[in-house]
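Shown next, in structure tokens, is the structure this report addresses.
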Amino acid sequence: MALTLSEREARLYESLAAFEHAPLFAREEKRKRLLSQADLLAQDAAGMAHLYENIAAIHRSGLFAGTPWEDPSRLVPGLVAGTLLSGPAGSTLEMLSELRMLAVAEGRLALPGCPPEAARHFLRQVLVYGFEYAFSTEELSENERYTRTEVRKVSLLFDLLKQHLPLPSLLPYLKEEIETIIAHRPVVVTRIKRILEQLQHLPPDLLDGPLRAYVEALFAPTPLAQKAGTAHYYAEQLPHLPDAALEQEAQALSQQMLDTGLVSTFQLAFLQYAARERTALVPIALALNAHGRADYERHQAFVHQLILSFLVPGNKQGVYGLARTLQRNLFSQKTVWHAFSRLVKARLHPVIRERLEEGNLSPFALTAEQALIGGTLCVLGQPLGVRQGNNPTCQSARGISMWSRHAPGKLINLLIDTATTNNAVFRYEGELIESAGVQEGLTTAFDFKLDPVSIVLVPHLDKVYNEMMKRASLKHPGKDPHASVNPAFYGHWIQTGFKSVYNPLLYGIENYEEFIRIFYAAFHPEYNGGHHLIYPVPAGIFITDSGANMLGFHAISLLRIEQAPDGEWRAYFFNPNSQGKQDWGQRITPTVSGHGERHGESSLPAAQFAARVYAYHFNQLRLGDKPGKVPTATVAHITQLAKESWGRKYQWL
Amino acid sequence: MANRFALIGWSLPVIESMQKAGLPYVVVSFPDFESYAKTHEIPFVGYHLDEFGSHSNSVGLAELLRPFDVDVAVPLYEETVEWAGALNSIYRNDPRVLNRAFLFRNKAMMKRKALLGGLRVGLFEEVHSLEQVHKFLDRLNEAELQLEGEDDAWFHAKPFAAAGTVGHHFIKSREDIDRKMSIKDFPCLVESHLQGQEFSCEAFIHKGKIRFLNITEYVKLGYSNFIPAGPELEAKRELIHNEVQKLVDIFGIEYGMIHPEWFVSEDGKQINFGEVACRIPGGHILELCGQAYGFDALLAFVVSHDPNMTEEELDRYFPPRGYMPPKHFGNVMVFPKAAQISRLEIPEELLEEPYYLDNNLTQPLGPQKINAREGFGNHFGTVNFAGEDPARIRELLKHYEDVPFYV
């Protein structure tokens, strides 16, 4: 009974004409109606094709004028997928904007400042950044956040884009993306897995050496695995292998894990076989060195229990987490040992159980307990792999990462409480704050595309943090609330000195020079007496876009300032948002590899980093006369970077 | 034909219609709009159109309009009705035009006039205190021959001068009086509840006669309506036409458009008068009316105010006499149902519905809290439908009133 294509086409032309002929002041209303007609067409492939055929006329009608899509050269490919999923009518305009880009790429429409090659580049980036949705809408269809009509619209758009820009044309982009993720080593690897899943269907000769190696690491890590095809058949072969061949398998599997951070089902199957039958191979399959091996031997029975009872295909990344945890000798820390032994016996609260089940992004069955234990191993093993996902919860992610590095016992202890009671209790200046009693956190619609530890903790941490901030602004009016909240929230690792560039009473930036001098004197080895940082420093930074315009505030941790291999002094930091590679304007582009970064770190030249910081904690007992020795030229350079970027938004006192 | 129309109040759709038709006009509205008007080359006179009273200086406004050679004033909003009336009194040299405008702005006076002229109205009184409301209920109950223990009669309390349901209280029991009403509501009009189906008309009047009568069927007051009305109401067109003409005669209305609301009596043979306005009705009624009958109803609204227009000239702006359109056009005004919303969701079944026309729903900028709706205003947009079968339209409107478009 639905409208025919020609009826919908006629309606589009009608509303397009109404929009085009409307006086400027009456256009907004007609724009909305036109978009609602475009939505009707976007419900099947023929309609989508019709929209694409008419996109030049739609563009010329002025549909994009006065909207954020007006100037194609200013569009950001990384924002496309999010906008496509934000609901009508924004998603409709976004869809039409991609169709316009496609028309430019195909030479059917000429736009000033946007040559066809730039449009093709843009669309390829769109497909890469939106890869999860571009190549499979299964995840979207299952998410009740999105209506079927919106999912259909998005998938039809991507289908059309893929027809014109097929997968092989995306390979260089995908390779770069894969290498970035591998260097950054997040705990959640869904994205890279989705990409590799698609690549394995391509003819192998299209893939270059490194790309083929990444695909193989996941789907055919050894010749035997390739021959077996599935982990099940692979496991059946293992008992028939001679010892030397088994050891070779173990080494090959673990080497791939070391190189990529990715665990295949074959490796899990091998490890489980080894734990049952060939315990001598376990440390090899986990790539343990002497330290790790010692920890394994000391806790062999427990480690075997973890491997056999808690690690399954649905959380196989836990193998990497376990290896890294053993390598950190964490089980030999009394607090961790007791806490972890208790965690494996914890009876989960029904709400937590439900959340963990909802958070299972793998196609395999996974119990809540398995998810939690595997996830805990990953967070303990990869403290810098924690991410905030699509939630505005950078503080919570930063806390989990910091505790995993410096207070793993505390982290697991908190996890036990929260997982069993669906509650968390914190102290703030002598008062108790219970998350269960707090109504509002920073986030209203929680995105559960997170690691299991974050799924359990972040909803609670977010509320506690928000409540602390509220109380702080009442208790200490006129002072930056972070000064009192950070030590209460993160713990005693936070230094007692605090500096902020902003004076909330006078609404302006003050003493910026002193701020930079203390920053250098406290953290930069050239000026602090040659010392490393003892604990990570939670710092607030201004986020700026590629035009250096102020976008907002963000929480990160400064981990170290050291000389990169090329001798440059760089700040290495933990950034909990998922994009390690960014463009902050003024040619400030954080990197995640190639400049001495460890997995999970981002880095910038020290001065560029300092130019984005607005608050930090420091140790005032150790400053002495060091701030005065920071060169004036350095301070002036940073001040200029600050004033010409976020500083434009503020009054300088 | 008028030298120039003064549009009293700010309405972009009306300005658009005037521009398209090439009719001479000038907009009179608050000076805040001046720079916008200038940017878009809209002829404009800034004026503080505050509540019209004894202190108001319509002569001053007329002077400001003199350079524009204005000779017809058109009220676009409830609050500008007296201003337009005052100007037209000057232009037509007839002081009673202003008095008639007052009729529309004082609901007690309006009711009295209707009663005097022989229209069927409810029992009504002007009240100044809660005590007087209780006494009114005593008398109403008494007249309804209430026995001990029976429910109280229902009645409404509304401000003398407010559009639609702003400040309206529906009182269903004695307890309701103290619970729903407070000192700030007084003075006001109380009137007994009229049973029966409610509907509105839009009667375009020229030289004291109805040039065109539209009947709007309300599916749910303030949420949804469609045009032309279903066969049940259209069957009463002659009765409605006669009653509206009676209203026009009683009020002495010569030009413009009136928007009376009526209730069909229980036996279906009579209609009772609710109230009447003479500005652009809410609910996008004129837009639906124009789509259904194939004319620019906003333009027709404006030109009906022009005493100098000839019959032939007027015909150009109206559908042919006696024309009944084949399709019904209806809309649902969408207001969020949840207290907290974060995004707009268009249901699949809507896009697959052949009667669905389009929508202009606004996407929320982010999660936001929703305050109570006031007087059926501030909705988030409309969803429009069109189709031949009025029963289906009614069904769709009813259904989509309950669909949560915002979640």
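The values are calculated or read from the model by the stated rules, or taken from the named source; none is laboratory data. Predicted, not measured: the structure shown is a model, and the values here were computed from it. No Cβ is skipped: glycine too gets one built from the backbone with ideal geometry, and neighbour counts run over all protein chains shown. The accessibility values were calculated without ligands, DNA or RNA, using every heavy atom of the protein model including side chains. Shrake-Rupley method; radii C 1.70, N 1.55, O 1.52, S 1.80 Å.
Close amide-amide hydrogen proximity is noted between A:T544 and A:L551, each under 5 Å apart and 5 or more residues distant or on a separate chain (H modeled in the peptide plane; Pro and chain starts excluded). Between B:S182 and B:M324, take the C-beta separation as r, use R0 = 51 Å, and let me know the FRET efficiency to the nearest 0.05. After rounding to 0.05, the efficiency reads 0.60.
Charge tally for A:H617 (other residues, Cβ to Cβ under 13 Å; Lys, Arg +1; Asp, Glu -1): +2. Each residue of segment A:302-315 was assigned a 3J(HN,Hα) from its phi angle through the Karplus expression (A = 6.51, B = -1.76, C = 1.60, θ = phi - 60°), giving 5, 4, 5, 4, 4, 5, 8, 9, 10, 9, 9, x, x, 9 Hz with x at Gly and Pro. Computed over the protein assembly as shown, the P(r) curve from all C-alpha pair distances, binned at 20 Å from the origin, holds 11, 32, 31, 20, 7, 0 percent per bin. Each of B:C278, B:L233, B:F380 was placed along the dipole of chain B (beta-carbon charges, centred on the mean Cα), and the one lying farthest toward the positive end is B:C278. Rounded to the nearest whole Hz, the Karplus-based 3J(HN,Hα) values (6.51 cos²θ - 1.76 cosθ + 1.60, θ = phi - 60°) of segment B:278-284 follow the sequence 10, 10, 5, x, x, x, 6, with x at glycine and proline. In the calculated pair-distance distribution of segment A:1-99, the portion above 19 angstrom amounts to 39 percent of the Cα-Cα pairs.
Length, then width, then depth: along the principal axes, the Cα atoms of segment A:317-379 run 32, 23, 13 Å. Counted residue by residue at 0.36 nm each, then reduced by the alpha carbon distance between them, the extension gain from A:H121 to A:S136 reaches 3.3 nm. Applying a DSSP loop filter and a limit of 14 other Cβ atoms within 10 Å to the chymotrypsin sites (Phe, Trp or Tyr not before Pro) in segment B:296-346 leaves B:Y323.
The share of C-alpha pairs in segment A:90-131 whose separation exceeds 13 Å stands at 51 percent.
Its relative contact order, with pairs defined as Cα atoms under 8 Å and 6+ residues apart, puts segment A:144-245 at 16 percent. Its Cα gyration tensor gives segment B:124-192 an equivalent ellipsoid. The semi-axes, each the square root of 5 times an eigenvalue, are 21, 11, 11 Å from largest down. May I ask which of B:K135/B:K180; B:K107/B:K158; B:K20/B:K207; A:K629/A:K649 have a Cα-Cα span longer than 19 Å here? Going by Cα-Cα distance, B:K20/B:K207; A:K629/A:K649 fall outside the 19 Å limit.
When only the Cβ of Lys, Arg, Asp and Glu is charged (+1, +1, -1, -1), the dipole of the protein assembly as shown relative to its Cα centre reaches about 3300 debye. Note on segment B:384-407 and segment A:500-565: Cα centroid distance 57 Å, given to the nearest whole angstrom. Membrane-span-like helices in chain B (whole DSSP H runs, Cα extent of at least 18 Å along the helix axis, mean Kyte-Doolittle hydropathy of at least -0.5): B:237-251.
The average projected area of segment A:220-332, computed from the convex hull of its Cα atoms over all directions, is 6.2 nm².
Of the accessible area of the protein assembly as shown, computed with a 1.4 Å probe over protein heavy atoms only, carbon and sulfur atoms account for 52 percent. Amide H contacts of B:V166 (H built 1.01 Å from N, in plane; Pro and chain starts excluded): no residue 5 or more places away or on another chain comes under 5 Å.
Qualifying chymotrypsin sites (Phe, Trp or Tyr not before Pro) in segment A:505-584, where qualification requires a DSSP coil assignment and no more than 15 other C-beta atoms within 10 Å, comprise A:Y507. Per-peptide packing, taken as the mean over residues of other Cβ atoms within 10 Å, places B:83-90, A:269-276, A:204-211 in the sequence B:83-90, A:269-276, A:204-211 from highest down. At 10 °C and 1.306 mPa s, grab the translational diffusion coefficient of segment A:280-419 from Stokes-Einstein with a Kirkwood Rh over Cα pairs, rounded to a whole number in µm² per second. Result for D is 104 µm²/s. Relative contact order, whole percent, for segment A:220-332 stands at 27, derived from Cα pairs under 8 Å and 6 or more residues apart.
Assuming R0 = 56 Å, can you tell me the calculated FRET efficiency for the pair B:Q270 and A:R427, based on Cβ-Cβ distance, to the nearest 0.05? The formula returns an efficiency of 0.15 here. Rounded to the nearest whole Hz, the Karplus-based 3J(HN,Hα) values (6.51 cos²θ - 1.76 cosθ + 1.60, θ = phi - 60°) of segment A:15-27 follow the sequence 6, 5, 5, 4, 5, 4, 8, 6, x, 3, 6, 9, 7, with x at glycine and proline. Over segment B:198-401, what is the relative contact order in whole percent, taking alpha-carbon pairs under 8 Å and six or more residues apart? Relative contact order of segment B:198-401: 22 percent. Of the chymotrypsin sites (Phe, Trp or Tyr not before Pro) in segment A:383-468, not one is in a loop by DSSP (not H, G, I, E or B) with at most 10 other beta carbons within 10 Å. In this rough spin-label picture, where each label sits 7 Å from Cα along the Cβ direction, the B:F170-B:D402 distance is 1.7 nm. The simple spin-label model puts a point 7 Å past each Cα toward its Cβ; for B:R96 and B:N141 those points are separated by 4.4 nm. For the chain pair A and B, buried accessible area totals roughly 2600 Å², probe 1.4 Å, rounded to the nearest 100. When nucleic acids and ligands are ignored and a 1.4 Å probe is applied, A:E177 ends up with an accessible area of around 40 Å². Amide H contacts under 5 Å for B:Y25: B:F5, restricted to partners 5 or more places along the chain or on a different chain, H placed in the peptide plane at 1.01 Å from N. What the Cα convex hull of segment A:435-536 gives, in volume per residue, is 153 Å³. Assuming R0 = 25 Å, what is the FRET efficiency of A:T589 and A:D259, from their Cβ-Cβ distance, to the nearest 0.05? Efficiency at R0 = 25 Å is approximately 0.50. In segment B:331-359, comparing the full protein assembly with the chain on its own, the residues that lose 20 Å² or more of accessible surface at a 1.4 Å probe are B:R343, B:L344, B:E345, B:I346, B:E348, B:L351, B:E352, B:P354, B:Y356, B:L357, B:D358, B:N359. The mean count of C-beta atoms from other chains within 10 Å of the C-beta of residues in A:19-29, rounded to a whole number, is 4. Computed about its Cα centre, the charge dipole of segment A:1-120 is approximately 180 debye, with only Lys, Arg, Asp and Glu carrying charge at their Cβ.
Spin-label model, B:S342 to A:F553: label points 7 Å out along the Cα-to-beta-carbon direction sit 2.2 nm apart.
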